[in-house]
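Presented below is the structure to which this report refers.
What follows draws every value from the coordinates through simple rules; no lab data is involved. Here the structure is a predicted model, which means the values were calculated and not measured. Quick reminder, even Gly has a Cβ in these numbers, built from the backbone with ideal geometry, and neighbours come from all protein chains shown.
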Amino acid sequence: MELRPAPEWQTTDWFNTPEPLSLSGLRGQVVLLHAFQMLCPGCVSHGLPQAQRVAKLFPDVRVIGLHTVFEHHEAMGLASLRAFLHEYRIRFPVAADLPGPDGDPLPRTMRAYAMQGTPTTVLIDARGRLHQQIFGVHDDLLLGAEIGWLRAQAASSPEPQDTPSVAPASLCGDDSCAVG
């Protein structure tokens with residue numbers, strides 16, 4: 001499988017980060033992009049909790065949420081999203097997808113990635129290439145294995161980075177330390 005560059009995100013507002021993030025600015029890091037809607041049952045019960053677990057278990061993986069609204073637009077505005085993120089204690093950065101042009105109901109990032117709906121989990125390698133895109137609920141063990149493989153790949157084939165590399169000490173948790 002030939003990997004292609006992941007499309008840059010097209011967003012309006014960002015939450016849980018002091019400044020907007022870009023895919024190019026995260027080069028050198030493994031990225032998990034989680035596309036969701038706050039009124040999507042699968043997102044609330046499975047996708048977002050999984051993204052939170054990834055953020056907790058893999059602190060060197062950048063977990064980014066993308067609120068991509070393709071239905072019920074009037075009910076899922078920015079004020080509602082802000083309250084939702086607070087109530088569900090979502091701490092990782094979340095962006096609001098830029099609405100589609102000329103009345104297109106599909107937001108721009110969702111269309112650029114050809115997402116089928118929500119939840120969608122996108123894995124992007126440290127070189128900014130689209131590694132995997134999963135629509136629906138993804139198995140935790142498979143996702144963990146894929147993340148582990150991408151982390152190992154990033155560690156074994158470093159490239160010039162604009163961002164500092166992760167210090168080995170940051171790979172240590174309460175129960176163990178991974179080889180950095």
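Placing unit charges on the Cβ atoms of the charged side chains and taking the dipole of region 4-171 about its Cα centre, the candidate lying farthest along the positive direction among Pro119, Trp149, Pro93 is Trp149. Against the empirical 2.2 N^0.38 Å (N residues), region 4-171 has a Cα radius of gyration ratio of 1.00.
For region 30-45, backbone phi angles converted through the Karplus equation (6.51, -1.76, 1.60; θ = phi - 60°) give residue-by-residue couplings of 6, 10, 10, 9, 10, 8, 8, 10, 5, 9, 8, x, x, 5, 5, 8 Hz, Gly and Pro being listed as x.
Measuring r between the beta carbons of Ser80 and Ser45 and using R0 = 25 Å, the FRET efficiency lands at 0.85.
Taking 0.36 nm per residue of separation and subtracting the Cα-Cα distance, full extension of the segment from Leu130 to Arg53 would add 25.6 nm.
Counting residues in region 9-82 as N, plug N into 2.2 N^0.38 Å and put the Cα Rg over that result. Against the compact-globule rule of thumb, the ratio is 1.14. Here the relative contact order of region 4-171, from alpha carbon pairs under 8 Å that lie six or more residues apart, stands at 34 percent.
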